[in-house]
Structures are given as C-alpha cells and as structure tokens.
Amino acid sequence: MKRFLALLLLGLAVFVYADASIYGYFWCRYTYENPTQPEDVTDNSHAFSIERGYIRWQTKTKPVAFKGTIDISQKSGSTNAADWNVRLKYAQADWTLPYIGDQLPDTKLIIGLQKVYFGMMDLWEYPVIEKNLEEAEKKTNSADLGLGLYGLIPSGYGEYAIQIFNGSGYTHVVEANTNKAVCANLALIPYPGVMIKGSYWMAEQPVGDTIITQVDEDRYAGLLGLKYGPVTLMGEYLGTKDADITGMGYSGFAEIALTKALSLLGRYDYFDSDTDVDNNGHNRIIGGLNYKVSSTLLTQVNYQLMTYEDDTRDSSDKIMVQFKYSY
Amino acid sequence: MKKFLILGMVVFSGLFAQKLTLQGSTTVLPIAQAGAEAYMDNNPNADITVRGGGSGTGIAALIDGATDIADASRAMKTKEIKQARENGINPVEHIIARDGIAVIVHPDNPLANISIEDIKKIYTSEISRWDKVSTGSGPIVVISRDAASGTFETFNHLALNNAKLTDAALMLASNLEVARTVAQTPGAIGYIGLGYLTDNVKALKVDGVVCTEETVRDETYPLGRPLFMYTNGAPKGLTKDFLDFLMSSEGQDIVRDAGFVPVETVE
C-alpha cells in the first residue's frame, strides 16, 4: 500500500509540475476454466478478476519528455483478495536528440525503464486477451531498465531501435548478471499495410542464484504483417537459445472487422522449448469476438484451447470475457 | 399514390447519394464548409459532411479510415505517416491554400513591428512588459491557441522554434476567440490565421514584413504556411471531383473569400 501511494504521489507530482497528461486502462475479466479431469475441479475454476490496471502519465516537455506507468496486478495464487503487485512498468525520459532528430525524424535517446522493441511484443495491443507468443512462453520481458536509441525512418517507412538493458525485465530491477542484454529491432513498411520486421536479443543469464556461471540467451524474431481494409493478418517466427537448448515457435493472427465496432479474431501458436526433445511442443488456439461499446470500453470474448504433443498431457481450455476500460 | 412515389424517389435518391466526409483543422474549416456548400449546390447528389476538431483529430480519423479527407493546417508528422502506413492508409498531401499567421495586439497598442526573436521572448516569458519592446507600458497578456490546434503547432515551430510556451499564456480554442479576447484586452498579444483578421485588432509587421496575401504567397512573410487536405491514396470519384473543384478558379475564389491566400492567383 505504501508503495502504491508513493508511486501515485510521484505520478501526481509529475502531472502537476510538468503539465502532463494522465490516462490509463484497467481490465476486468471473467474466466471459466474447463477442467480436463474431474479431480481438477476446484472453487477457482471460474472467477471474476481485475487482472491489471495501468495509471499512465506523460509530459510534452521538449527536448526531454517524461513518461511513466504504474502497473497494478493481482498476485497469482494469492488467497488474500487485497493482495496486489504494484510496480513501475515504465519510467523513462525521452530525449529528442539535436541535429540527428532534424535529419532522422523523432530520433530519441530513451533513458530508464522502457518498452522492449522485440518481435510482436511492442506491437501487441491485446486484440485477444492472451499475451503475444514470446511473452506467453516467458521468453522475453515487455519492459526493462537501460538505454535505448529509437527513431523513425523518413517518410513513414518504418522504425528502428537499439537498446541495452539489465536483461532481467521490469519485475526484477536489480541487476541479475554481469553483462548487459542488447536488443536490436528494425521494422520496415515498404508499402501501406505491409510490415516486415526483424528483432534480435542477445544476453547472458545466471544459472541458479549465482552469477559465476552464466549461459548465452539468444532470441530472434521475424514478423510479417498485412492490413487491407477490414482484414489484419500477422505471422511471426520466434527462435530461442538458452545455453545449448534450442527452441522455436510461430504464431499466426487474423482479425476481420465486421463493422466499426465488431470484429472477429483468431490466433494459432506453436512453441517447442527444446527442439532436440521429441513431442515437446504445444499448440494454443484462440477464437475471439471484440465489441467496442464506446471509445472507452472494449468487450472481449475469447475461447482458448491448449493442446500438447506429449500424449500424457491433457489438453485444457477456457473461456474469458473481459472489459477493458480506458480513461 | 403520388405521395408514395415521391417518398420512394426521395429514398431511392438517398440510397444513391454520393457521400464524402471531411474532418480536421478549424483553420481550414471555413474553406471546407464554403467549398462543400458550393459543390453541393452544383451537384445535388453529393452529400458532403464537414467536421472540425483540429488537425490532429482529422489526421487521426484518416489513419482510422473514419474520414475521406483530413483537413490540416500543418503537414503530417513522420510518426503519423508511419501509423497511417501501418494501418494500410497511404496519405497523399494536397495544398489547397496558404495562410499567414498574423500577430495581433489591441488597436491602441503603439507597437507596429515586432521581431521573431521578441515574439519568442514574449511567449516564453523572457519579456513580460510592453516597455521592453515598445513605447507602451504595463504587463503583456499572452494569448495562444490551444495545444491541439495546427495553428499552435505551426506558430510554435515557426516563431518559438519549439520552445516551451509560458505557463501564463491564456489558451483559447479558436481563432475567433483569440481575436475577440485581444480586441477586448489592451495589454494582449495573440496570433490568428490571416483569414480571421478584422479591424478590431491590429496586425503587427513581423521582422518588417506585413502579413498580406502577397507576402504569404511569395513566402517573404516569416509566419506563412500552406493549408492541406490529405486523402488515402490518389483521390478518386467524389473525393477527386471535390478537390478538383477546390483547386479550380471558382474554388480558389472561395479560398480568397474565406480570407486565405489562393494557391494560384485568381484573376
């Protein structure tokens, strides 16, 4: 609670003194999990939850603007209804660089806790409720502490980012290894509605609690996005390497806007965390319907099925209904 | 039966009415409105809707596919072009008129000319009294357009070199409000589009150049700017017809009548 108040006061101070705008979201969800075995039935198989809330602020100061996000989420597995995680998700200064910013538009040095530009992650605005492939498989973090150089390619042909991070994500802000992670990202839009993107992440992570033994951690992603009228298609390939273990996966996403308010969505993921082990992969199939009640309220209904190549594991499915409020 | 037939014809013609939507800059709004009315007078089948909201709002609507034409008093930013291209929209720029941003004071103010440098000092609170820039006296009341307007962005870029505006500035939502407030406030300074100049306010020369149609067109006036309409791709159908009409001598007469500078001289 103290941490929440401190972060809220910090946000309010920035809002008052730096002429900032304040905005955010919160998500209210109902989840029904279909037990695969009778003994799996528990009282928690269906529940309402406020999964997450964001309180955001942003200044328009030049040449340095400030952004912050307080991330409030329920602690998973907690038996205390009032048990919440309160963290800073973003806390960054965006310094528009002189001269370079004139030649290459919007080139800025990003300092602090910031978005990781990698694969689908920085593009994913949760059209379906599930996280994007790399986050769902816990192979990347959506935010991290460090320095970034971000800019746009002239005439709207895309964007690039080069970032150096601690490599441990925003939930572990203390340095967990002796080497920094490096992330490079290039997104090209050669034709309106066509995006080609490549991202690479290179880090070393400690084994266990010691930093003496560290192993390579590589991630790479290739993405193709198409948008034509009411149809949006995205496909991503994800490669991972942790020491000698190689993993791979892919994700395909489609959305058809039936009206301005109503859209039909589908996603298919496959991921194999160790390609040297047979029958190790799993599939995630999602079908969904989004209805925009107003500019501030989005209703989402998703059906999600997980199946496994390993015959000994049962498939599982769940239905989620979510209301996303923005203010 | 006759009534039924007439009703049927009305419904039938409504079904086949060609629709066009314009949204965006409040500066461009008078041109868009007058142009739409004149076009619909000549083309009764056309149904043109014109909305304001500011340049940013119009551009956002174009990016979302919610408008056919975005009216803007500033060029689209690279970030906006990228967002549009991501969304399958190919923004194409059309300069339909030119505008000068006139720096105005109360008619009793003795000042006649002001430098860009002094404008910047006034709007960033480095100068706060009239005796620093003229024979006048008293505090300067700084009046600005709100930050969402294209006029603000252009003025901020051309006159202030993107410096932070003083917190003391009174931010108003339209050119008309700025003109009215300056006319009623002896110590005020403000800025408005050339089309909104009236005898109730005094337009200052900027760096020795008076804000007129000629100086804006020949680009000698330092606070001049083009006015834009953006379409998704090369215009077609009604969108093309309407833009062709605006660029015709009749359309450019409308531009001049609205107080702006035609792109080409209309004899």
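The values are calculated or read from the model by the stated rules, or taken from the named source; none is laboratory data. Since we're looking at a predicted model, the values are computed, not measured. FYI the Cβ positions are ideal-geometry reconstructions off the backbone, even for glycines, and counts take in every protein chain you see.
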Counting only residues that are of a type outside the set (Ser, Thr, Tyr) and under 22 Å from A:Ala136 (Cα atoms), the stretch A:245-262 contains a total of 8
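Taking the stretch B:131-162 only, how many residues are in a loop (DSSP other than H, G, I, E, B) and modelled with pLDDT under 90?
Count: 11.
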Name the single residue that is nearest to A:Ile189 (Cα to Cα) among those in the stretch A:243-257 being touching a Leu at 6+ places or on another chain (Cβ under 7 Å) and within 14 Å of chain B (Cβ to nearest Cβ). A:Glu255
Inter-residue pairs, beta-carbon under 6 Å, first more than 10 Å from B:Ile116 (Cα to Cα) and in the stretch B:205-223, second part of a helix (DSSP H, G or I), 6+ apart: B:Val209/B:Thr215; B:Cys211/B:Leu194; B:Tyr221/B:Thr215
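Which of the residues spanning the stretch B:23-42 are among the small types (Gly, Ala, Ser) and under 16 Å from B:Asp253 (Cα atoms)?
Correct list: B:Ala32, B:Ala34, B:Gly35, B:Ala36, B:Ala38.
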Might you let me know whether the stretch B:121-144 holds any residue that is within 14 Å of chain A (Cβ to nearest Cβ) and within 15 Å of the chain's Cα centre (by Cα)? yes
Tally of residues being surrounded by fewer than 16 Cβ atoms within 10 Å (Cβ to Cβ) and of a type in the set (Ser, Thr, Tyr) across the stretch A:181-219: 3
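State whether one or more residues within the stretch A:167-180 are among the polar types (S, T, N, Q), within 14 Å of another protein chain (Cβ to nearest Cβ), surrounded by fewer than 19 Cβ atoms within 10 Å (Cβ to Cβ) and not in a strand (DSSP E or B).
To start, the set of residues in the stretch A:167-180 that are among the polar types (S, T, N, Q) comprises A:168, A:171, A:177-179.
Okay, now just the ones that are also within 14 Å of another protein chain (Cβ to nearest Cβ), so none.
No, because not a single residue in the stretch A:167-180 is among the polar types (S, T, N, Q), within 14 Å of another protein chain (Cβ to nearest Cβ), surrounded by fewer than 19 Cβ atoms within 10 Å (Cβ to Cβ) and not in a strand (DSSP E or B).
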Taking only pairs six or more apart or across chains, which ones have beta-carbon atoms under 9 Å, a first residue in the stretch A:129-156 that is within 14 Å of chain B (Cβ to nearest Cβ) and within 17 Å of A:Glu217 (Cα to Cα), and a second residue that is of a type in the set (Ser, Thr, Tyr) and in a strand (DSSP E or B)? none
Got at least one residue in the stretch A:220-242 being away from chain B (no Cβ under 14 Å) and surrounded by fewer than 15 Cβ atoms within 10 Å (Cβ to Cβ)? no
